1. Does A:PHE96 satisfy the criteria of being more than 30 Å from B:LYS5 (Cβ to Cβ), more than 14 Å from the chain's Cα centre (by Cα) and aromatic (Phe, Trp, Tyr)?
2. Test each condition in (1) in a strand (DSSP E or B); (2) more than 10 Å from chain A (Cβ to nearest Cβ); (3) surrounded by fewer than 21 Cβ atoms within 10 Å (Cβ to Cβ); (4) touching a residue at least 24 places away in the same chain (Cβ under 8 Å) for B:ILE48 and report the one that comes out false.
3. Based on this model, can you work out whether B:SER74 counts as among the small types (Gly, Ala, Ser), farther than 15 Å from B:LYS38 by Cβ, within 14 Å of another protein chain (Cβ to nearest Cβ) and within 10 Å of the chain's Cα centre (by Cα)?
4. Would you call A:CYS91 over 24 Å from B:VAL4 (Cα atoms), at pLDDT 95 or above and either touching a Phe, Trp or Tyr at 6+ places or on another chain (Cβ under 7 Å) or within 13 Å of another protein chain (Cβ to nearest Cβ) (or both)?
5. Let me spell it out: the conditions are (1) out of contact with any strand residue (DSSP E or B) (no Cβ under 9 Å at 6 or more places or on another chain); (2) modelled with pLDDT under 95, and A:GLU69 meets all of them except one. Which number is the exception?
6. Given the conditions (1) in contact with a Pro (Cβ under 8 Å, 6 or more places away or on another chain); (2) farther than 21 Å from A:ASP38 by Cβ, and given that A:ASN53 satisfies all but one, which numbered condition is not satisfied?
7. Yes or no: B:PHE33 among the aromatic types (Phe, Trp, Tyr), facing chain A (nearest Cβ under 9 Å) and either surrounded by fewer than 19 Cβ atoms within 10 Å (Cβ to Cβ) or under 30 Å from A:ARG108 (Cα atoms) (or both)?
Amino acid sequence: DGGITQSPKYLFRKEGQNVTLSCEQNLNHDAMYWYRQDPGQGLRLIYYSQIVNDFQKGDIAEGYSVSREKKESFPLTVTSAQKNPTAFYLCASSIFRGIEAFFGQGTRLTVV
Amino acid sequence: DQQVKQNSPSLSVQEGRISILNCDYTNSMFDYFLWYKKYPAEGPTFLISISSIKDKNEDGRFTVFLNKSAKHLSLHIVPSQPGDSAVYFCAASGSDAGNMLTFGGGTRLMVKP
């Protein structure tokens with residue numbers, strides 16, 4: 001079955017550590033995205049990528065980094081520079097920008 | 001500055017009745033609108049969309065209405081079912097925003113049996 005997979009589902013991190021969230025899709029989509037959701041809030045765009053080896057900052061990119069070495073994969077690294085990293089992180093993909101995006105199940109990151 | 005707003009954080013309706021979820025936007029360049037449904041601890045799932053060349057799109061129990069002059073769209077669910085209880089997000093995109101999806105803050109719908 002085609003889909004988008006995020007791992008792990010739950011992640012705990014100590015303050016000062018970097019952590020990488022995985023996102024893989026087998027939908028053959030060109031565009032991939034990372035969003036962050038905080039309690040009671042909407043989805044805010046962290047980074048997006050339209051094509052392999054290209055990515056752009058979204059609205060809240062500070063403290064995050066990404067790579068897009070393969071079409072199927074778009075990992076997100078939450079660095080120690082991110083001041084408030086505890087949140088629910090969602091990865092998505094679409095055939096191209098602006099149309100229906102398919103979301104993964106999300107990763108809940110908690111800094112302890 | 002929020003370009004897409006869902007002013008009602010929550011809505012409660014009785015099973016079998018109509019649910020109406022509202023969304024307002026400020027960017028007149030938005031030309032494609034979507035609704036997503038989200039259960040707790042899961043990713044959003046796409047429900048229905050509408051292009052700015054239309055004012056209505058229907059899919060089963062779900063209908064989206066677009067009023068471009070008022071910059072307002074709404075999602076109607078008829079009849080509402082307990083399984084519809086979730087958070088609903090509206091989203092919009094347009095060429096001047098790089099065709100990126102801009103999401104509203106969400107409305108939590110509770111359908112009571």
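1. Working: more than 30 Å from B:LYS5 (Cβ to Cβ): no; more than 14 Å from the chain's Cα centre (by Cα): yes; aromatic (Phe, Trp, Tyr): yes.
Answer is no for this residue.
2. So B:ILE48 meets the others, but not (2).
3. no
4. Working: over 24 Å from B:VAL4 (Cα atoms): no; at pLDDT 95 or above: yes; either touching a Phe, Trp or Tyr at 6+ places or on another chain (Cβ under 7 Å) or within 13 Å of another protein chain (Cβ to nearest Cβ) (or both): yes.
Here the answer is no, as A:CYS91 does not meet what is asked.
5. In the conditions (1) out of contact with any strand residue (DSSP E or B) (no Cβ under 9 Å at 6 or more places or on another chain); (2) modelled with pLDDT under 95, A:GLU69 misses (2) alone.
6. Result: A:ASN53 fails condition (1) only.
7. It is false that B:PHE33 is among the aromatic types (Phe, Trp, Tyr), facing chain A (nearest Cβ under 9 Å) and either surrounded by fewer than 19 Cβ atoms within 10 Å (Cβ to Cβ) or under 30 Å from A:ARG108 (Cα atoms) (or both).
Condition check ((1) surrounded by 15 or more Cβ atoms within 10 Å (Cβ to Cβ); (2) touching a Lys or Arg at 6+ places or on another chain (Cβ under 9 Å)) across all residues:
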{"residue": "A:ASP54", "(1), (2)": "no, yes"}
{"residue": "A:LYS57", "(1), (2)": "no, no"}
{"residue": "A:GLU72", "(1), (2)": "yes, no"}
{"residue": "A:TYR89", "(1), (2)": "yes, yes"}
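The values are calculated or read from the model by the stated rules, or taken from the named source; none is laboratory data. What you see is a predicted model, and the numbers here were worked out from it, not measured in a lab. Here the Cβ is made from the backbone with ideal geometry for all residues, glycine too, and neighbour counts use every protein chain on show.
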